[in-house]
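The values are calculated or read from the model by the stated rules, or taken from the named source; none is laboratory data. Values in this document were obtained by computation on a predicted structure and should not be read as measured data. For neighbour counting, all protein chains shown are included, and Cβ atoms are generated from backbone atoms with ideal geometry for every residue, glycine included.
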Amino acid sequence: MNRAATRWIQVCAALGLVLLAGPALAVGPGLGIGGDAKFHPYLDLKLGYNSNVNNLSPDANDPVTGDFLLELHPGVYVLVPTEYFLLDAGGKLGYTRYFGVEDGDTTRNVLTGEAQLKAVLNPKGSYRFAIKDRYHRTERPLDLVLARLAGRHYNVVGAEFTAEPGGRPCGSSSATTS
């Protein structure tokens, strides 16, 4: 079997996996881990086509190449709400398979990941303090024109203080997450 036929079989198998697994992977009510705390494992699947896998500008000397890719992202999400403290955390690993359908040089496996954490003191009160952190690792270039993908790491940390001395409006959520 030639190389192109093998790649098309891989793409079709990935498409079948995505279509058949979708309903089974929907996020449900979560697994109780004590009190109102919930643990949510999940798996994101995506099959797509990228018309410019190396993010190159169109040039006669270096033609733009497209490719099919399969993305698998297993992850977990944990929510622990209490009267005086809220923990909202999660993370996922990413695996992307580029099949090299149009050009065998684009065949590659890419690992990515992200994690986020939000801790809120006094989430139901008129005065709240929150600490947030979000880490992300990606291989996709943003504004640079590169001949290949390059790994980048981002980490954004922040804190916020919310004051509602008059109280919250009627019907507002007492423990929100973002």
Exclusive hit being at pLDDT 85 or above and of a type in the set (A, V, I, L, M), set Leu15, Leu79, Leu56, Leu20: Leu79
Which ones in the range 63-77 are surrounded by fewer than 17 Cβ atoms within 10 Å (Cβ to Cβ) and touching a residue at least 24 places away in the same chain (Cβ under 8 Å)? Gly66, Pro74, Val76
Counting just the residues of the range 85-125 that are out of contact with any strand residue (DSSP E or B) (no Cβ under 7 Å at 6 or more places or on another chain) and either β-branched (Val, Ile, Thr) or more than 30 Å from Asn52 (Cβ to Cβ) (or both), which one comes out surrounded by the fewest Cβ atoms within 10 Å (Cβ to Cβ)? Lys124
